[in-house]
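Working notes, structure below.
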Amino acid sequence: MKKWMIFLAALLLLTGGCGVPEPEPVPEPGPEPEPVESLVPAPTARDAVQWLTDPSHFLFYINHWPDAHIITTERTEEGLALTVWSEDSLDAPVQTILIEDCEDFDQMVSVSGNAYEPNSGALVTVQDFNFDGQDDFGFCYRRGMQPRFYHVWLWDEDAGQYQAEPAFDEMPSPDVDWVDMKIECYIRGGAAGAQGDHSFYQWVDGVLTEVRHIKLDFEDWEDYNNHYVSVTDLIDGEMQEVFRYEGDYYFDIVERWRSLGYTGEN
C-alpha cells in the first residue's frame, strides 16, 4: 500500500492532480529579488486516496521485464484515457491510449469488485495474449449477460509501446492456455450450459485464427431429447465437422475436445 501511495503522490505532483493550483512564477534573478511567500504543497497520501475515490480513477499493474508498468485510468471529454507509466521513471508517460466506445464504464467499475482480476468478468484482464513472454492487457468495453468483450493491446518490444489488436474485439472473454498455446473463448447460449459455443484460436503466421469450434444446441428447441454436440476443425483452410454427438450426457465429451491434441480417440 505504501508503494502505491508513493507512486500516486509522485504522479499527482507531475500532473497537478486534486485541484492543487499552479505555482506562481519565481521572479527572475536580480538585485534583492522578491521572496517567494509560499510553495505548492507536495501531494500527500490523502491526495492519493482522494484520487482513487473518483469512480473513473483506478490503476492496474503489469509486471513487465525489465521495467514494470502502472496504468492509470481517467474519464475525459473524449473518452476513457489509459496512461501507461514506467515504474522506474515518472518523467513522462510511456504512452496514452484513448477508448472512445466505453459508455458503460461507470456502471462496470461500480460492480466489478476487483477491477483487475483476470477473467473474473472484471474491467481489466492482464495476460500474455501472443505468447511472447511479455504480459499484454485487455480492457472491457462491452458486457452482456455472461460474456465480456475486450479491446486488447499487445506489448511491442521494438516500438516500446502497446499496440491495439482488433482481432480480439469480438472474442468473448478470451482466456490464454499455455498448454495448447491457444486462446479459448466461451459464450453461453442457454441455461445449465446446454447451449453455447466454445471457440479456440491460435496464432498462425502472425494472424489470430480459429482452429476449433464446439457447438452445443438442440435440433428442435421444443424437443429437449435431441441435444447435440458438433466439433469443427480448421482443415485445409476451412472449418469442417470432425465429430458429432447426439444424446443427453455431453459434459465429459466437451472437456475432452477442449484439448486441441484430442482428435476423437478413446
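Read-outs: derived from the displayed coordinates by stated rules, not from any lab. What you see is a predicted model, and the numbers here were worked out from it, not measured in a lab. All Cβ positions, even for glycine, are placed from backbone atoms using ideal geometry, and neighbour counts span all protein chains on display.
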Mean Cβ neighbour count within 10 Å, used as a protection proxy, ranking 63-70, 212-219 highest first: 212-219, 63-70
Where labels lie 7 Å past Cα in the beta-carbon direction, separation of SER259 and GLN134 in nm: 3.4 nm
Distance histogram for the range 158-216 (every C-alpha pair counted, 10 angstrom bins, percent rounded to whole numbers): 21, 46, 26, 6, 2
Estimated inter-spin distance, ASP88 and ARG75, nm [label 7 Å along Cα→Cβ]: 3.6 nm
Label-point gap, in nm, between VAL204 and ASN226 - each point 7 angstrom along Cα→Cβ: 3.2 nm
